[in-house]
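The values are calculated or read from the model by the stated rules, or taken from the named source; none is laboratory data. Please read these numbers as outputs of a predicted model, since none were measured by experiment. Glycine gets a Cβ as well: all are built from the backbone with ideal geometry, and neighbour counts include every protein chain shown. What goes into the accessible areas is simple: the full protein's heavy atoms, side chains included, and nothing from ligands, DNA or RNA. Shrake-Rupley method; radii C 1.70, N 1.55, O 1.52, S 1.80 Å.
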Amino acid sequence: MVIAPHQNKTMADARLAVWAITPNGKRLGTILCDHVKQARLFISSRMAGDSPEAITSGTAPGKVHAGVDPDETTQKIQIFHRLSDAVAKQFYAYDCHVFIFSTGIAVRILAPLLVSKLTDPAVVVLDDQGLHTISLVSGHIGQANQYTRQIAHLLGSDPVITTATDVNHLPSIDLLAEECNLFIETPWTIKTINMAFLENKKIRLHDPLNLISPCISNDWIDNTAENLPRVICDWRRKKVSRETLVLRPRVLAVGIGCNRNTPFKTILEFFTTTLASAGISMYCTAVLATSDIKKNEPGILALAEHLNLPVRFYDTHQLSSVKTIQTPSSMVEKHIGVKSVCEAAAILAAGNGPLILPKQKNPDVTLAVALQKTDSLWWAPDPAI
């Protein structure tokens, strides 16, 4: 389970896979690869007999763009024999796929690969003459719309974007959630909120931390009416209707401690059940925190990897500096010289934010949760749309 935010990227630093099956496609593909550091050009085996000079150039045989190392460009090229098999193998290895052939071919190849707009990579289609650049899949969260505009600008083509909210210059709740670093817990309700914007209807919004509110004009919000599409942005777990869009802000620091060599599964089970019992969404976790003596603790490191979260380690001096712990431990103080690990680490990782869940424990694991102060967050919402 990965709960880390999608990382917004420009085309320059994205992992880009460019697929070409014609000479013109290869020419356009090499231009893209010349401008994108992590790009790779996939060409069909029937074009593999071309000379290296022709392959490395985005303009004409024997000419390489200024500042581009021919050897480096050549290393970006990979040959495939069967297009559908090659795309299937590489699909989730890249942030964006650029198909330089017809949309019909692209659709037939993609059909068995698509899973969710929240996880599928961006797909952009470019015609063989470079006249049109089309955003095909994952326009918002996958950033296909953004990549389309950038590719079109680079190649001088016309960007083709069909997302209704974009062409009507309206907000898109899934894109706003990404920009505000919010986990979308109920993705099936995205269309309900976006349709409300398209139909010029208002929504109800519960956002006690004021995290997504700055991104949405007050003209779209009415919290007095009952029968409106509803958005909740909160770390607290509450019963809501299936039609409610639930957004989870990553604003919690979880301090954790454990006995040496406590199994990963034991730690994970305690983590999930403890937060659930306390009415806290685990998807709101932004960071794990613990003592620096746990830097090599396999179970904690495995938990961080499983959740795709960073871990912050604090020394005894830092842990001892926290004066707001609620449940000091004489046993912990005896063994490592501090009165608290999980509570103190959570508070520190939250920028000295308040504890919302004091120390919880079983025979092997301790856990506490603190709420990050708004000014300690490493991101901030954009101005209202």
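Specify which residue in the list Ser217, Pro249, Ser138 is farthest towards the positive end of the charge dipole of the chain, using unit charges on the beta carbon of Lys, Arg (+1) and Asp, Glu (-1), about the Cα centre.
It is Pro249, whose Cα lies furthest towards the positive end.
Considering the chain as a Gaussian network with a 10 Å cut-off on Cα pairs, which listed residue, Glu305, Glu199, Glu185, attains the greatest mean-square fluctuation?
In this elastic network of the chain, the residue with the biggest mean-square fluctuation among Glu305, Glu199, Glu185 is Glu199.
Using a 1.4 angstrom probe with every protein chain in place, what is the largest-first accessible-area order of Thr103, Thr119, Thr165?
Descending order: Thr119, Thr103, Thr165.
Determine the sum of side-chain charges near Ile347: Lys and Arg each +1, Asp and Glu each -1, restricted to other residues whose C-beta is under 12 angstrom from that of Ile347.
Summing Lys/Arg as +1 and Asp/Glu as -1 gives +3.
Might you work out the accessible area of Arg204 for me, using a 1.4 Å probe with all protein chains in place, and round it to the nearest 10 Å²?
Arg204 has an accessible surface of roughly 50 Å² with all protein chains in place.
Specify which labelled value, from (1) -0.79, -1.17; (2) -0.68, -1.17; (3) -0.90, -1.37, agrees with log10 I(q)/I(0) by the Debye sum over Cα atoms at q = 0.10, 0.15 Å⁻¹ derived from the coordinates of the model shown.
The value matching this structure is (1).
If r is the Cβ-Cβ distance from Thr103 to Asp292 and R0 is 41 Å, what FRET efficiency results, to the nearest 0.05?
0.15
Please identify the helices of the chain, taking whole runs of DSSP H, that span at least 18 Å along their own axis as judged from the Cα atoms and have a mean Kyte-Doolittle score of -1.0 or higher.
Sorted by number, the helices that extend far enough and score high enough are 23-35, 264-277.
When the helices in the chain are scored as -39500 (n - 2.57) per DSSP H run of 4 or longer and the sum is shared across all residues, what 222 nm value do you end up with, to the nearest 500 deg cm²/dmol?
Taking each H run of at least 4 residues, the total per residue is -8000 deg cm²/dmol.
7 Å from Cα along Cα→Cβ at both Thr22 and Ser116: what's the point-to-point distance in nm?
3.7
Hey, can you grab everything whose amide H is under 5 Å from the amide H of Thr366? Only 5+ residues off in sequence or another chain; H modelled, so Pro and N-termini drop out.
Here the answer is Gly257, Cys258, since their amide H atoms fall under 5 Å of that of Thr366.
Expressed as a whole number of Å, what is the distance separating the alpha-carbon centroids of the stretch 125-159 and the stretch 218-259?
Here the answer is 34 Å between Cα centres.
Reachable lysines from Lys26, Cα under 23 Å, same-chain residues fewer than 8 places away excluded?
The qualifying lysines are Lys37, Lys63, Lys76, Lys89.
Ordering Phe264, Phe270 by how much accessible area each has at a 1.4 Å probe, largest first, what is the list?
From most exposed to least exposed: Phe264, Phe270.
Per residue, how many Å² of accessible area does the chain show with a 1.4 Å probe?
Using a 1.4 Å probe on heavy atoms only, each residue of the chain averages 48 Å².
Given 0.36 nm per residue, what is the gain on full extension from Arg236 to Asn200 after removing their alpha carbon distance, in nm?
10.0 nm
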